[in-house]
Structure formats: C-alpha cells, structure tokens
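The values are calculated or read from the model by the stated rules, or taken from the named source; none is laboratory data. Just so you know, these numbers come straight off a predicted model, no measurement behind them. Here the Cβ positions follow ideal geometry from the backbone for every residue, glycine too, while neighbour counts run over all protein chains shown.
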Amino acid sequence: MSDVIRTKDLTKTYFLAEEVHALRGVSLSVKSGEFLAIMGASGSGKSTFMNLIGCLDKPTSGKYFLDGQDTSQLDSDQCADIRNHKIGFIFQGFNLIPRTSALENVLLPLFYDRKGRIPNQEEKAKWALETVGLSDRMYHDPNQLSGGQQQRVAIARALVNDPAIILADEPTGNLDTKTSIEIMSVFQELNDSGRTVLMVTHENDIAHYAKRAVVLRDGKLLHDEQVPQRRNARKDLVNYTENGTEIGDFVI
C-alpha cells in the first residue's frame with residue numbers, strides 16, 4: 001500500500017519576539033486507509049503538524065509529499081485546490097455558521113468547487129448529512145442542535161467533497177463521554193470505508209479508537225506505534241448505553 005502522506009525532516013519555526021521551534025525534524029509516513037492519532041502535551045507541535053499536513057501552512061524546512069507530490073512546489077491556488085479536493089477538515093469548535101441550516105453549512109465547501117466536480121451539490125450535501133445520521137436535522141440551525149449533532153454537521157461538511165483524507169483537530173474536546181464515543185464510531189466507519197484519518201487528541205482513551213498512535217514532544221517525534229487493544233466504538237457505545245460503563249484510561 002502506498003504512502004498518501006510522507007514528511008521528511010519537517011521543521012517549522014515562528015519568528016515572534018523570539019524564535020519558536022514548533023517542529024524539529026519530523027519524519028513520518030502514513031499509508032492510505034490508516035487511522036492515526038497524533039498526541040502530545042500543549043505546545044508539542046500537534047496543531048502545527050496538522051496545519052502543514054492540511055496545506056494551511058508551509059514548513060520552514062524539510063519536505064512534505066502528498067500522494068507523492070512535493071507540496072513545497074505548489075502555489076496558494078494549488079494548495080487551495082488540494083484542500084478542497086483531497087482533504088476534509090474537522091475542528092474542536094465545530095466552526096459552523098450561525099443562523100444557517102445544517103444543510104447550508106455542509107454546502108459551503110462546494111461553493112469553492114471551481115472545477116465543477118460535484119454537479120448535484122444539494123443532493124451530495126444531503127447524502128453527507130444522512131451518512132452521519134442527521135437526515136432529520138438538515139434544516140435546523142446550529143443553536144437548535146446538541147454539541148454532538150453540531151460535530152456531526154462538521155463531519156458531513158468535511159465529507160461532502162469526497163476527500164481521501166480526514167484531518168480532525170481535537171474533535172471530541174468539547175463533548176461528553178457518550179457523545180465522544182458516538183463521534184469515534186462515525187470516524188471508525190469512515191476509516192472502514194477507506195478514508196485515511198489523522199486525528200489530534202490529548203485524550204488517551206480517544207486515541208485507542210485509532211489504529212496507530214504518534215506522540216510528539218517539544219516538536220520532535222517521540223513514539224510511533226500501533227495501538228494495542230484497539231477499541232470498537234460501536235461496542236463501547238452499547239456498553240455505555242446499557243450499563244453506564246465508563247471508558248477506562250489508557251496509556252500509549
């Protein structure tokens with residue numbers, strides 16, 4: 001299986017009042033269909049790494065290859081096309097537009113589809129909402145939805161362009177335990193359908209729904225290993241609902 005993501009000696013330095021070395025030579029490969037949890041304390045470089053992978057920023061040095069293409073050679077329009085066609089973004093704060101229906105929020109990325117890849121846009125947006133279990137909430141505004149439902153809208157918005165890669169930055173950070181498991185069930189189903197998922201999280205229990213865990217510390221790659229005793233979110237949700245069982249804490 002080929003590498004969909006490959007970084008080589010990736011560094012990122014911010015020149016503020018003083019130099020801040022956010023990433024210090026990170027080399028990592030991710031194959032198509034993997035589910036990767038990116039972990040680390042605050043300031044470890046997780047979000048910086050995710051921004052580089054999402055072509056939202058460029059490294060100070062090193063290389064990032066996406067599907068074998070050197071992204072350092074791309075201009076801003078080409079990076080925007082990659083973000084619109086290949087990558088779906090999901091954020092901790094949902095980033096939904098208020099006073100705008102779930103359906104309209106999901107349609108938003110399609111407005112930037114300059115090549116007309118998806119002709120039946122409204123039907124595609126409805127499909128995305130149905131995929132995350134929100135067929136009965138399409139015309140509700142964000143303030144009429146629970147936190148978990150808002151995150152599902154955000155996932156549907158990330159799916160609407162049929163991206164091969166899903167990037168999720170602390171997707172359960174604002175959610176309770178049961179809702180977090182529900183969202184992890186959605187991610188596992190997306191991964192099972194063939195999508196590559198990279199998820200930033202500081203929660204050990206959430207990381208155990210991924211297949212592989214990477215730990216960053218002070219901008220360096222500290223650990224990279226397969227997740228032991230990977231959890232099944234659907235089974236955990238049944239146990240939690242029926243028995244009120246709390247999900248235990250794990251150490252990667």
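How about the range 35-76: which of its residues are charged (D, E, K, R) and either touching a residue at least 60 places away in the same chain (Cβ under 8 Å) or in contact with a Phe, Trp or Tyr (Cβ under 7 Å, 6 or more places away or on another chain) (or both)?
Quick first cut of the range 35-76, residues charged (D, E, K, R) only: 46, 57-58, 63, 67, 70, 75.
Answer for the range 35-76, where residues must be charged (D, E, K, R) and either touching a residue at least 60 places away in the same chain (Cβ under 8 Å) or in contact with a Phe, Trp or Tyr (Cβ under 7 Å, 6 or more places away or on another chain) (or both): LYS46, ASP67.
Taking the criterion of being of a type in the set (Asp, Glu) and either buried (at least 24 other Cβ atoms within 10 Å of the Cβ) or more than 11 Å from ASN105 (Cβ to Cβ) (or both), would at least one residue in the range 165-174 satisfy it?
yes
With respect to VAL160, determine if the residue is farther than 30 Å from GLU242 by Cα, in contact with a Lys or Arg (Cβ under 7 Å, 6 or more places away or on another chain) and crowded, with 21+ Cβ neighbours inside 10 Å.
Details: farther than 30 Å from GLU242 by Cα: yes; in contact with a Lys or Arg (Cβ under 7 Å, 6 or more places away or on another chain): yes; crowded, with 21+ Cβ neighbours inside 10 Å: yes.
Judged against the criteria, VAL160 is a match.
Taking the condition of being surrounded by 14 or more Cβ atoms within 10 Å (Cβ to Cβ) and of a type outside the set (Ser, Thr, Tyr), how many residues in the range 96-121 meet it?
13
Please state which of the following conditions GLN188 fails to meet, knowing it meets all the rest: (1) of a type outside the set (A, V, I, L, M); (2) within 27 Å of ASN204 (Cβ to Cβ); (3) at pLDDT 95 or above; (4) part of a loop (DSSP other than H, G, I, E, B).
Here GLN188 meets the rest and fails (4).
Could you please find all residues in the range 212-230 being under 12 Å from PHE35 (Cβ atoms) and either part of a strand (DSSP E or B) or touching a helix residue (DSSP H, G or I) at 6+ places or on another chain (Cβ under 8 Å) (or both)?
Passing the criteria: ARG212, ALA213, VAL214, GLN226, VAL227.
Only residues that are at pLDDT 90 or above and under 29 Å from SER29 (Cβ atoms): list them for the range 165-182, please.
ILE165, ILE166, LEU167, ALA168, ASP169, GLU170, PRO171, THR172, SER180
Which residue, of ARG157, ARG152, is in a helix (DSSP H, G or I), under 19 Å from SER193 (Cα atoms), in contact (Cβ under 8 Å) with a residue 40 or more places away in the chain and out of contact with any strand residue (DSSP E or B) (no Cβ under 6 Å at 6 or more places or on another chain)?
Exactly one of ARG157, ARG152 is in a helix (DSSP H, G or I), under 19 Å from SER193 (Cα atoms), in contact (Cβ under 8 Å) with a residue 40 or more places away in the chain and out of contact with any strand residue (DSSP E or B) (no Cβ under 6 Å at 6 or more places or on another chain), namely ARG157.
Looking at SER146, is it small (Gly, Ala, Ser) and surrounded by fewer than 17 Cβ atoms within 10 Å (Cβ to Cβ)?
On the way: small (Gly, Ala, Ser): yes; surrounded by fewer than 17 Cβ atoms within 10 Å (Cβ to Cβ): yes.
Considered against the rule, which asks whether it is small (Gly, Ala, Ser) and surrounded by fewer than 17 Cβ atoms within 10 Å (Cβ to Cβ), SER146 comes out as yes.
Given the options TYR240, TYR209, name the one that is in a loop (DSSP other than H, G, I, E, B), farther than 17 Å from PHE91 by Cα and either in contact with a Gly (Cβ under 9 Å, 6 or more places away or on another chain) or among the aromatic types (Phe, Trp, Tyr) (or both).
TYR209
Which condition does ARG152 not pass, out of (1) charged (D, E, K, R); (2) surrounded by 21 or more Cβ atoms within 10 Å (Cβ to Cβ); (3) more than 19 Å from the chain's Cα centre (by Cα), if it passes all the others?
(3)
Which of (1) modelled with pLDDT under 95; (2) within 27 Å of ASN204 (Cβ to Cβ) is the odd one out, the single condition LEU107 does not satisfy?
LEU107 satisfies every listed condition except (2).
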